[in-house]
Amino acid sequence: MIAQILFIIILAAAIYLFSKNVGKIRRNILLGRPADRSDNPALRWKTMAKIALGQTKMVKRPLAAVMHFFIYVGFIIINLEVMEIMIDGIFGSHRIFSKPLGGLYDLLIGGFEFLAILVLTACVVFLCRRNIVRLKRFSGTEMTEWPKSDANYILIIEILLMTAFLTMNAADHKLQLLNFGHYIKAGSFPVSSLLSPLLPDSAAGLELIERGCWWFHIIGILAFLNYLPYSKHFHILLAFPNTYYSNLHLKGEFTNMASVTGEVKAMLDPSFVPETTGEPQRFGAKDVTDLTWKNLMEAYTCTECGRCTSVCPANITGKLLSPRKIMMDTRDRITEVGNNIDKHGKDYTDNKALLDNYITREELWACTTCNACVEACPVNINPLEIITELRRYAVMEESQAPASINNMFGNVENNGAPWKYSAADRFNWADADIDK
């Protein structure tokens, strides 16, 4: 009974802390401007099933796709085993699903064990890729000590959890063979049974190992759950809503501001009366609260995998821009804004902004708007939207743009095209070629 009460207290505390932290992230995301992503629900469900569930964009890198699939499937299916552990912990039972499932239970436990081996293998491969092979896309100025450690922590935790699971099953299997206490004969142990020779033969020692691994496994999972909101691995949960609310329009299509559109229409048609929407909206984005809630959701969804940066032509040619850094900076800034609200209230201003304090103008203007980063992201994150909104603010609010951009604006105003030549002179090159 004491063990049950202790388990219920730990479970309730873990759920409360997780709910509280998720609530803060939700609050932070909703600090962004409104954006309507409710259209075409059928296509949105299809997009989510294809990209988040089916992971179709992962296959462009086959080895990573296979290893990630092992961890992904293991994470989903082994949760059935976690459900049984939680029920056993609350009611003091042992392998409660064994009787109602009958022979299917043996198949499930055996399948869980094979999945555990696949997860272990994938985690070891990923650790080697990050720390021994040192793939280039896992490095960069934004990949400081914490982002690198975060990835390693998760992989090590998963290895420990799977090891505890297999050791628990191995001890349980030996106790079943000894007909000890409440350990009923249930389950198939094709993998963990191979560990049996490494365990003691005494029932007391086996029970200590089984109970110790049981507690370690379930507390480790609850701790992992509460670690997620502080980690890039929160994408485990956000990948699904993020892909559902994907931008269904053409990649790179710029949005039009209603206030600007109304003024242009009024200039072209004097009879047109633009709608008054109250307080003027800021042109573009200076800080994270000027971005949409979807932009902020994407920042929390970023897996920091570096696929976007690895295909960015600006980054490849040595320029400062890294699309991954854009997303990480956005997430860090909105988290900072949320922490300020918690400490000082919603009206507090720290005199900082996403532009300049986090993202430099050199980064912004290095972008070629080619959409390579958007195409590469496995969960449909769009760094380009953030870049263009920050650019829009710099140009329309501050009138600050590189000289080449200002020259282009002047040419458009004077010549009706980005080039310095008048419309009458644009075909002179052809006449010159004919004269030769």
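The values are calculated or read from the model by the stated rules, or taken from the named source; none is laboratory data. Since the structure is predicted, the reported quantities are computational estimates derived from the model, not experimental observations. Methodologically, a virtual Cβ is constructed for each residue, glycine included, from the backbone with ideal geometry; neighbour enumeration extends over all protein chains shown. Protein only, heavy atoms only, side chains kept; ligands, DNA and RNA dropped before computing areas. Shrake-Rupley method; radii C 1.70, N 1.55, O 1.52, S 1.80 Å.
Summary of computed values
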{"read-out": "Segment Val66-Glu362, extension gain: residue separation times 0.36 nm, minus the distance between their alpha carbons", "value": "102.8 nm"}
{"read-out": "Along principal axes, Cα extents of segment 258-421, largest first, whole Å", "value": "48, 43, 28"}
{"read-out": "Cut-off 14 Å (backbone N to label point 7 Å along Cα→Cβ of Thr255), residues of segment 4-47", "value": "30-39"}
{"read-out": "Label-zone membership for segment 6-48, site Val82, 7 angstrom Cα→C-beta point, backbone N under 12 Å", "value": "15"}
{"read-out": "Candidate lysines for bridging to Lys286, where Cα separation is under 26 Å - those fewer than 8 sequence places away on the same chain excluded", "value": "Lys24, Lys232, Lys251, Lys294, Lys319, Lys325, Lys343, Lys346, Lys352"}
{"read-out": "Cα-centre dipole for segment 258-421 with unit charges at Cβ (Lys and Arg positive, Asp and Glu negative), debye to 20", "value": "440"}
{"read-out": "Candidates Met328, Met83, Met297, ranked by Gaussian network fluctuation over the chain, Cα under 10 Å, top entry", "value": "Met83"}
{"read-out": "Qualifying trypsin sites (Lys or Arg not before Pro) for segment 219-271 [loop in DSSP, other Cβ within 10 Å: at most 16]", "value": "Lys251"}
{"read-out": "Gyration tensor (alpha-carbon) shape descriptor, segment 23-92, a/c threshold 1.5", "value": "oblate"}
{"read-out": "Given charges at Cβ of Lys, Arg, Asp, Glu: segment 6-78 dipole, positive-most of Met67, Ile77, Leu6", "value": "Met67"}
{"read-out": "Loop-resident sites, segment 131-160, for trypsin sites (Lys or Arg not before Pro), counting at most 11 other Cβ within 10 Å (DSSP)", "value": "Arg134"}
{"read-out": "Inter-label distance, nm, simple model (7 Å from Cα along the C-beta direction), Val264/Lys99", "value": "7.2"}
{"read-out": "Angle in degrees between helix 79-91 and the longest Cα principal axis of the chain, rounded to the nearest 10", "value": "50"}
{"read-out": "Leu268 accessible area, 1.4 Å probe, all protein chains in place, Å² to nearest 10", "value": "150"}
{"read-out": "Cα centre as origin, Lys/Arg/Asp/Glu Cβ charges: the chain dipole, Debye", "value": "760"}
{"read-out": "Glu275, Glu398, Glu253, ranked by accessible area, largest first (probe 1.4 Å)", "value": "Glu275, Glu253, Glu398"}
{"read-out": "Computed [θ] at 222 nm, helices only, for the chain once each DSSP H run of length n ≥ 4 contributes -39500 (n - 2.57)", "value": "-19500 deg cm²/dmol"}
{"read-out": "Table column - 3J(HN,Hα) (Hz), segment 95-103, Karplus curve with 6.51, -1.76, 1.60, x for Gly and Pro", "value": "6, 5, 7, 5, 6, x, 8, x, x"}
